[in-house]
Amino acid sequence: MSFPELQTRNSLVAFLQAYLKKIDSLVVKGIFRAPSQPGFLYYLATDQTLSADTWTTVQFDTADFDNNTDFASYTFTAPRTGTYIFTANLRIDSIDSSSTQYPWGQFRNITQSKNYRVGIYEVDNQTVDYWTVGGSVILSLAASDQVDFQAFVKSGTARIEVGSTPATTRFNFFSGYMLG
């Protein structure tokens, strides 16, 4: 890139404006800033039932934000190669206390066929109102890799409940952000 000779303040401003429009990201004093940085936070707006012995994709259906609309059909698609962090949390209710159950969650890189499990609990004949399954993972993704979050119960049925009070509280969410 060659730099034109800048004779006036106005030509400097015009030059900077033209070239800054081409910059997708900017590092200033070690802080990475980009308005189009891939990131999302979705939550579950309706209850979802989990069947026994089946990994079920959680249907996170309502966005708090989705910077580039990279999240669709309950799945995040990486728009470009990079390192991403994902977090998820579920409140699993109505667990059958008379059987052995294992409520789990997993981040699933669909494209690479890799799973990262979190929140593995054994519920042996315990009476509990709910279990919380959550965690985070940092993944190296290629452009177009797809990631979702799934839940599992070993036996019986369970339900992921939204909860009703307060209305602004999110028990069940899935988020992701490109770190670089």
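What follows draws every value from the coordinates through simple rules; no lab data is involved. Keep in mind that this is a model prediction, so the values were computed, not measured. Quick reminder, even Gly has a Cβ in these numbers, built from the backbone with ideal geometry, and neighbours come from all protein chains shown.
Can you give the net charge of the other residues whose Cβ lies under 15 Å from the Cβ of residue 84, counting K and R as +1 and D and E as -1? Neighbour charge sum, excluding residue 84 itself: -1. If you take all other residues with their beta carbon under 15 Å from the beta carbon of residue 42, and give Lys and Arg +1 and Asp and Glu -1, the sum is -4.
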